[in-house]
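Enquirer: Pasting in a structure now, in structure tokens, and then I'll have a few things to ask.
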């Protein structure tokens, strides 16, 4: 072999080795990022107080993602610092100074308007001066040695309710544009965790521009937070469609009945005030009949008669799940014109019931009670057709994509988060119809308490 050929082979081998090293580094980074998202989901599922949730989020982010991080809460145009955390190696007193420091946020973000992330890829002296409050504050920022920083909004219930700031300094790292894309997703997951901790409880803030009667209906009919259901872990999400997030026809509810609990999820025809009135009737008719009898079939039949008795045509689909006081007992299912509950067992996703007639359509309709055994590691997930019928650039979201997104989900919170994120990405944040998700699993934690989370009207990826 000639000397030139040997040199060429050596150069090619060197290039291949470099390319392989780059691929391996990227794979490791992706793995670490997924690990961070899983840890944030675990924080969400822990059901801790707001203060403990904020502290846990700071511990997850430093030092894996940032050398320092802050979460600021925004309300009525003002921001307050809720938590600050620094990684090992920080200058003395840095965490206390960051915690006491008044937030520096872009005006649009502070005012609750949508704002693009503020990204400093290479922090300059001019940037530090623009961020500083006074000479002493400027000296502190210089002492941190900030190399890159990202500030991004936290969005819940359609409102900017907080901001996340991440920075790298003494570790020698630097953020790149692809880090900003990841932080968009991360901010959404953090918003979910904070919402589950009870941060975003004012459900009426996004309805101020509506007429008084519409606002009253909206506040009264938004799904309530899920209660703690002994022996079960549960998570739910509700997202209304439309630019003004007016009440539509999707609903869910959970309440105690004789011998256990009843969970219902449904969808009524139409939108606006008329749909709201049907939704109210459906929810409270189901609740009353179920509480009195504990029987899903009686609840469906009672609502069917009530809808047929209305002066206007009113149709409603419902999936009712009856949970026994003994979580080892199978779940009793009754489905009326609704997408059937799905059993998620690892990578396998299958339907667990056959839908009966739509409610409000036929006076002589009847439904079947079916049983679904939910073993440890499995979960039941029910969605409204606003999920499968959602439109995007690729057509319908569809049952196939629904099953694929749920496959491998290991808990109700992860199932809801994954499906919510996929739906937002598929529709680019523009829903044609309301969407609701409800997931339950036998509680498998070691702690004595059970956990239930409600993720109402959130747009996690839009929060980025």
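The values are calculated or read from the model by the stated rules, or taken from the named source; none is laboratory data. Small disclaimer: the values here were computed from a predicted structure and weren't measured. For neighbour counting, all protein chains shown are included, and Cβ atoms are generated from backbone atoms with ideal geometry for every residue, glycine included.
Enquirer: Please specify each residue of segment 411-421 satisfying the condition of being touching a residue at least 24 places away in the same chain (Cβ under 8 Å) and out of contact with any strand residue (DSSP E or B) (no Cβ under 8 Å at 6 or more places or on another chain). Can you show your working first?
Expert: If we filter segment 411-421 for residues that are touching a residue at least 24 places away in the same chain (Cβ under 8 Å), which is where we start, we get 411-417, 419-421.
Scanning segment 411-421 gives 414, 421.
Enquirer: Answer yes or no as to whether residue 305 is within 29 Å of the chain's Cα centre (by Cα) and either in the same structural domain as residue 388 (by TED's automatic domain parsing) or free of Cβ contacts under 8 Å to residues at least 60 places away in the same chain (or both).
Expert: Against the criterion (within 29 Å of the chain's Cα centre (by Cα) and either in the same structural domain as residue 388 (by TED's automatic domain parsing) or free of Cβ contacts under 8 Å to residues at least 60 places away in the same chain (or both)), residue 305 does not qualify.
Enquirer: Go through segment 57-80 residue by residue and tally those that are within 24 Å of residue 110 (Cα to Cα) and in a helix (DSSP H, G or I).
Expert: Counting residues in segment 57-80 that are within 24 Å of residue 110 (Cα to Cα) and in a helix (DSSP H, G or I) gives 3.
Enquirer: Given the structure, is residue 172 assigned to a loop (DSSP other than H, G, I, E, B), in the same structural domain as residue 184 (by TED's automatic domain parsing) and at pLDDT 90 or above? Show your work before the answer.
Expert: On the way: assigned to a loop (DSSP other than H, G, I, E, B): yes; in the same structural domain as residue 184 (by TED's automatic domain parsing): yes; at pLDDT 90 or above: yes.
In short, yes.
Enquirer: Now for a separate question. Could you please give the count of residues in segment 252-289 that are within 13 Å of residue 436 (Cβ to Cβ) and surrounded by fewer than 17 Cβ atoms within 10 Å (Cβ to Cβ)?
Expert: 0
Enquirer: Which residue is surrounded by the most Cβ atoms within 10 Å (Cβ to Cβ), if the candidates are limited to segment 43-84 and must be free of Cβ contacts under 8 Å to residues at least 40 places away in the same chain and over 25 Å from residue 413 (Cβ atoms)?
Expert: 84
Enquirer: So, of the residues in segment 401-425 that are more than 15 Å from the chain's Cα centre (by Cα) and in a helix (DSSP H, G or I), which turns out to be surrounded by the fewest Cβ atoms within 10 Å (Cβ to Cβ)?
Expert: That would be 404.
Enquirer: Which pairs do you get when a residue that is free of Cβ contacts under 8 Å to residues at least 40 places away in the same chain, found in segment 144-168, comes within reach of a residue that is part of a strand (DSSP E or B), reach meaning Cβ atoms under 6 angstrom, with the pair 6+ apart or on two chains?
Expert: 146/167; 147/168; 148/120; 148/168; 149/120; 149/167; 150/119; 150/166
Enquirer: Among the numbered criteria (1) in contact with a strand residue (DSSP E or B) (Cβ under 7 Å, 6 or more places away or on another chain); (2) surrounded by fewer than 23 Cβ atoms within 10 Å (Cβ to Cβ), which one does residue 292 miss?
Expert: For residue 292, the failing item is (1).
Enquirer: Looking at 199, 192, which one is at pLDDT below 85 and in contact with a strand residue (DSSP E or B) (Cβ under 6 Å, 6 or more places away or on another chain)? Lay out the reasoning, then the answer.
Expert: Working: 199 fails: in contact with a strand residue (DSSP E or B) (Cβ under 6 Å, 6 or more places away or on another chain).
Selected residue: 192, the only one of 199, 192 that is at pLDDT below 85 and in contact with a strand residue (DSSP E or B) (Cβ under 6 Å, 6 or more places away or on another chain).
Enquirer: May I ask you to say which residue of 351, 375 is under 27 Å from residue 406 (Cα atoms), surrounded by fewer than 20 Cβ atoms within 10 Å (Cβ to Cβ) and without any contact (Cβ under 8 Å) to a residue 60 or more places away in the chain?
Expert: Exactly one residue qualifies, and that residue is 351.
Enquirer: How many residues does segment 295-318 contain that are surrounded by 17 or more Cβ atoms within 10 Å (Cβ to Cβ) and in contact with a helix residue (DSSP H, G or I) (Cβ under 9 Å, 6 or more places away or on another chain)?
Expert: Residues that pass the stated criteria total 13.
Enquirer: I'd like the full set of residues that are closer than 22 Å to residue 418 by Cβ and either modelled with pLDDT of 90 or more or surrounded by fewer than 24 Cβ atoms within 10 Å (Cβ to Cβ) (or both), limited to segment 239-251.
Expert: Across segment 239-251, the qualifying residue is only 241.
Enquirer: Given (1) modelled with pLDDT under 95; (2) within 25 Å of the chain's Cα centre (by Cα), where does residue 68 come up short, assuming only one miss?
Expert: Tallying (1) modelled with pLDDT under 95; (2) within 25 Å of the chain's Cα centre (by Cα), residue 68 fails exactly one: (1).
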